[in-house]
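Colleague: To start, I am sharing the structure in question, which I have written as structure tokens.
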Amino acid sequence: MWRRFNPFQSALFRNFRKQYTTKKIRINEREFEIRQLNAGDIKNLLDVQRKVYEGETPWVRSAFLAELYSRHAHLYLGVLEENQMIGFMGVRVSLSDGHITNIAVLPEFQGLGIGTILLEESEKFSRSLDCATMSLEVRRSNQDAQRLYRRFGYVSRKVLPQYYDENQEDAIDMVKYL
């Protein structure tokens, strides 16, 4: 039956099959690769989280698997230097919102513009799927990230009390109108 409705089928599923073209970027004489992530990268994602979140892993293996195999349109990108993951970002599209599920850059690489590049890529992806907004949650204590998001045009919508399980810290719900 699907063969008879091929135009409908391809319109229905076109957004879920977008592939990201690997890019090479240069920052301060260093070369980085940005590529789409897969299930084989989960160990590296967990390692980056441990280093960024001081031994914690806010997302477990099964959470990453659920995102990578989600039926919702999504994009997970990793930034690598000499095949070592130094940062990553995930965005999931729901209705007309591109929701940033994760973004993390190793502390020694923060301040180089890698977070900015990942935000730009997430926005391009969301715009390509006709999203009207981008959203995210950020720890109330993470002032550096909040400054970055505000520079990018995000505004605070509300405080989410005790959002983070491990320490009951509040989150700031932020949105950007595209």
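Colleague: To the nearest 500 deg cm²/dmol, what mean residue ellipticity at 222 nm is calculated for the chain from DSSP H runs of n ≥ 4 alone, each contributing -39,500 (n - 2.57), summed and divided by the residues?
Modeller: -8500 deg cm²/dmol
Colleague: For Gln36 and Val155, FRET efficiency with R0 = 35 Å and r from the beta-carbon atoms, rounded to 0.05?
Modeller: 0.75
Colleague: Dipole of the chain (Lys/Arg Cβ +1, Asp/Glu Cβ -1, origin at the Cα centre): which of Leu112, Leu75, Asn44 lies farthest to the positive side?
Modeller: The Cα lying farthest towards the positive end belongs to Leu75.
Colleague: Additional query: Relative contact order, percent, of region 111-178 when contacts are C-alpha pairs under 8 Å separated by at least 6 residues?
Modeller: 35
Colleague: Collect residues whose amide H, placed 1.01 Å from N in the peptide plane, falls under 5 Å from the amide H of Ile86; neighbours closer than 5 in sequence don't count.
Modeller: Sorted by chain and number, the residues that satisfy this are Val79, Leu80, Glu81.
Colleague: Next up: Note the angle between two axes, namely the Cα long axis of helix 42-52 and the longest principal axis of the Cα atoms of the chain, as a number of degrees from 0 to 90, rounded to the nearest 10.
Modeller: Helix 42-52 sits roughly 30 degrees off the main axis of the chain.
Colleague: Could you list which residues have their amide H under 5 Å from that of Ile27, counting only those 5 or more apart in sequence or on another chain, with H placed in the peptide plane?
Modeller: Long-range HN contacts for Ile27: Phe32.
Colleague: Please get the size of the charge dipole for region 55-102, origin at its Cα centre, with Cβ charges of +1 on Lys and Arg and -1 on Asp and Glu, quoted in debye to the nearest 20.
Modeller: Taking the Cα centre of region 55-102 as origin, the dipole is about 260 debye.
Colleague: Please list the non-local residues whose amide H lies under 5 Å from the amide H of Asp170, H modeled 1.01 Å from N, same-chain partners needing a gap of 5 or more.
Modeller: Arg140, Gln162, Tyr163
Colleague: Separate question: Ignoring ligands, DNA and RNA, what percent of the accessible area of the chain is carbon or sulfur (1.4 Å)?
Modeller: On the chain, the fraction of accessible area on carbon and sulfur atoms equals 48 percent.
Colleague: Let me ask something else about it. In debye, nearest 20, what is the charge dipole magnitude of region 67-152 about its Cα centre with +1 on Lys and Arg Cβ and -1 on Asp and Glu Cβ, if you could check?
Modeller: 340
Colleague: May I pose another question? On full extension of the chain, what length is gained from Asp47 through Asp170, given 0.36 nm per residue of separation minus the C-alpha to C-alpha distance?
Modeller: In short, 41.9 nm is gained.
Colleague: Can you give the relative contact order of the chain as a percent, counting alpha carbon pairs under 8 Å and 6+ residues apart?
Modeller: 14
The values are calculated or read from the model by the stated rules, or taken from the named source; none is laboratory data. Keep in mind that what you see is a predicted model, and the values were worked out from it rather than measured. Neighbour counts are summed over all protein chains in view; Cβ atoms, including those assigned to glycine, are modelled from backbone coordinates with ideal geometry. All accessible areas refer to the heavy atoms of the entire protein, side chains included, with ligands and DNA or RNA removed. Shrake-Rupley method; radii C 1.70, N 1.55, O 1.52, S 1.80 Å.
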